[in-house]
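Read through the structure below, which is laid out as structure tokens, and then see the notes.
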Amino acid sequence: MAELPSKVHLTSHPIYLSISGPSVYEDENQRTWLHLFTKTGGVLQEWLRQEDIPSGYIAPTTSPLTSTTLPLLWTLQPGNQYLDYLSRFWRIVHHIKENGVEEMILELREDSLNR
């Protein structure tokens, strides 16, 4: 019997991601997403991974650093992109599920920098 592929590209994305703690987002299904890191090299990218974190383990978002460096909210828009609370568009570079874990990379669109 053939094994199922361990890496699947997903086309169904969370409708929104709302910050719920330091480097932690929650989607419309109350699934938690960890912000892994920010990558720059001319273009700003945010790396997220869906992980189940019990709500008691998520500290309230009070850090000024977290509040100013990460968007507080992303909402899904047509064209495989998110809109953040500052009206900037983020392109979904990839959204995969590998070995049962979802990972998503969002990239700030260059035309959003001039807003």
Distant-in-sequence amide H partners of residue 24 (H built 1.01 Å from N, under 5 Å): 35
Vicinal HN-Hα couplings computed from phi for the range 85-93 (Karplus, 6.51 cos²θ - 1.76 cosθ + 1.60; Hz; Gly/Pro x): 5, 9, 6, 9, 9, 10, 7, 7, 6
Gain upon complete extension [residue 10, residue 86; 0.36 nm per residue less C-alpha separation]: 24.7 nm
Long-range HN-HN contacts of residue 44 with modeled amide H, under 5 Å: 108
Residue 70 long-range amide H proximity, modeled H, under 5 Å: none
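Taken together, the values in this text are just the output of simple stated rules run on the coordinates, not laboratory data. Computed from a prediction, not measured in an experiment: that's the story for all the values here.
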